Amino acid sequence: MKVLKDSDLPLNEKTVCSIGSFDGFHIGHTHIIETIKKISREKGLKSLVITFNPHPKIFLNKLQPPCIITDLETKLDLLSRKGVDFVYVINFNENFLKKSPYDFLKFLSKDLGCSHIIVGEDWRFGYMKEGDITFAREKGKELGITVEVIKPILKDGIRISSTRIRNLLREGKVKEASKLLGREYCIKGNIVKGSGRGKDIGFPTINIIPSSNLCLRKGVYAGFVSFNGERFPAVINYGYRPTVDGKSLFIEAHVINGFSNGKINQVRVFFKEFLRPELKFEDIDQLRNQIKKDIEMAKKITEVKV
């Protein structure tokens, strides 16, 4: 998969495209992506996903921005694993916001080679969201764009939406959220050096710095860490580490059975089940004893052989 830069445009390829935030990267989004790939194969074209950074709702609601399900790095990782040919990330800013619906369609056609666009039935675009499906189909004819609308995907008779998933993650209900995502909830990130406190008390951790506005509930989880093609059962803390300093937001993962510490730069952290809220302990001994209990619970959930 190639992440397109502005210097790569105009793209000298005809593409089958979809446009959206793809925040949840849930079952509905996966269905759209599989449809893009299928049609691109049938037409002998390339597949292209167009997304935004930041999320439009965050840019438009700066005082009370919504939390995010999937940060950009994780989203790009998931797209790459789906086998998409191209991804283009639109810088969602004031200039883009002022682009008229027609100019946006023209950009899709002339710069990104979109000849076939797959979107949801509620797609709106352009300045003040003046563009809709009817407008896209009408103007698309003169720009060589075919617009195809996909019906919403239902789960137990209810539409799968990022809003539902956000609410579940806020409550720490990662198992329920994963059913709607169609995958285990995960975050990909670059490993950073921690304070070393985990190692000092006997539980070394792999640390990544998450986005400051993840929807995920702060607390301790059972899950897995994945790197170098392997998955390792882990106890994961997402929060501010109140017993240590309470200032810095981290995802810390302690691999239960240890691992060979080679050259690791990036990891994927998979959240399987919420164990408990983040707590402040009176001293390190209390914290150490609680971590031991967390590990025993995580072993059962991740089916680690004792």
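The values are calculated or read from the model by the stated rules, or taken from the named source; none is laboratory data. Keep in mind the model is a prediction, meaning the values are calculated, not measured. Every residue, glycine as well, gets a Cβ built from its backbone with ideal geometry; the counts of neighbours run over all protein chains shown. The area values use the complete protein model at the heavy-atom level, side chains included, leaving out ligands, DNA and RNA. Shrake-Rupley method; radii C 1.70, N 1.55, O 1.52, S 1.80 Å.
Tabulated values for the structure
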| read-out | value |
| --- | --- |
| Per-residue ³J(HN,Hα) for region 270-279, Karplus 6.51 cos²θ - 1.76 cosθ + 1.60, θ = phi - 60°, Hz, x for Gly and Pro | 9, 9, 9, 7, 6, 9, 6, x, 6, 10 |
| Karplus-derived 3J(HN,Hα), 6.51/-1.76/1.60, for each residue of region 116-129, Hz, glycine and proline x | 9, 10, 10, 9, x, 5, 9, 4, 10, 7, x, 3, 6, 6 |
| Shape of region 45-145, Cα gyration tensor, a/c cut at 1.5 | oblate |
| Straight-distance crosslink candidates among lysines, where the alpha carbon sits under 21 Å from Lys300 and sequence neighbours closer than 8 are dropped | Lys173, Lys175, Lys179, Lys272, Lys292 |
| Among Ile206, Ile19, Ile191, residue whose mean-square fluctuation peaks in a GNM of the chain (springs only between Cα atoms under 10 Å) | Ile191 |
| Within the accessible area of the chain (1.4 Å probe), percent carbon and sulfur | 48 percent |
| Within-13-Å neighbourhood charge of Gly126 [Cβ basis; K, R +1; D, E -1] | +3 |
| Average accessible area per residue (Å²) across the chain - probe 1.4 Å, nucleic acids and ligands excluded | 51 Å² |
| Angle between the chain longest axis and helix 27-43 axis [Cα atoms, degrees, rounded to 10] | 50 degrees |
| In degrees, nearest ten, helix 284-302 long axis to first principal axis of the chain (Cα) | 60 degrees |
| Under-5 Å amide H pairs with Ile117, H placed in peptide plane, nonlocal only | Cys17, Thr146, Val147, Glu148 |
| Nonlocal amide H pairs with Ile90, under 5 Å, H built at 1.01 Å | Thr51, Phe52, Asn53 |
| Backbone HN-Hα couplings from phi across region 9-22 [Karplus 6.51/-1.76/1.60, Hz, Gly and Pro as x] | 9, x, 6, 8, 9, 8, 10, 9, 10, 9, 10, x, 6, 6 |
| Val267 long-range amide H proximity, modeled H, under 5 Å | Gly189, Ile191 |
| Charge context of Ser40, other residues only, Cβ under 9 angstrom, K/R +1, D/E -1 | +3 |
| Solvent exposure, largest accessible area first (probe 1.4 Å, DNA, RNA and ligands not counted), of Lys106, Lys293 | Lys293, Lys106 |
| Total formal charge among the other residues, if their Cβ is under 13 angstrom from that of Thr146, Lys/Arg +1 and Asp/Glu -1 | +1 |
| GNM top mover of Phe22, Phe107, Phe224 - the chain, alpha-carbon springs below 10 Å | Phe107 |
| Among beta bridges that DSSP assigns inside region 1-138, antiparallel share in %, nearest 5 | 5 percent |
| Beta bridges by DSSP in the chain, antiparallel share as percent, to the nearest 5 | 60 percent |
| Degrees, to the nearest 10: 72-81 long Cα axis against longest axis of the chain | 70 degrees |
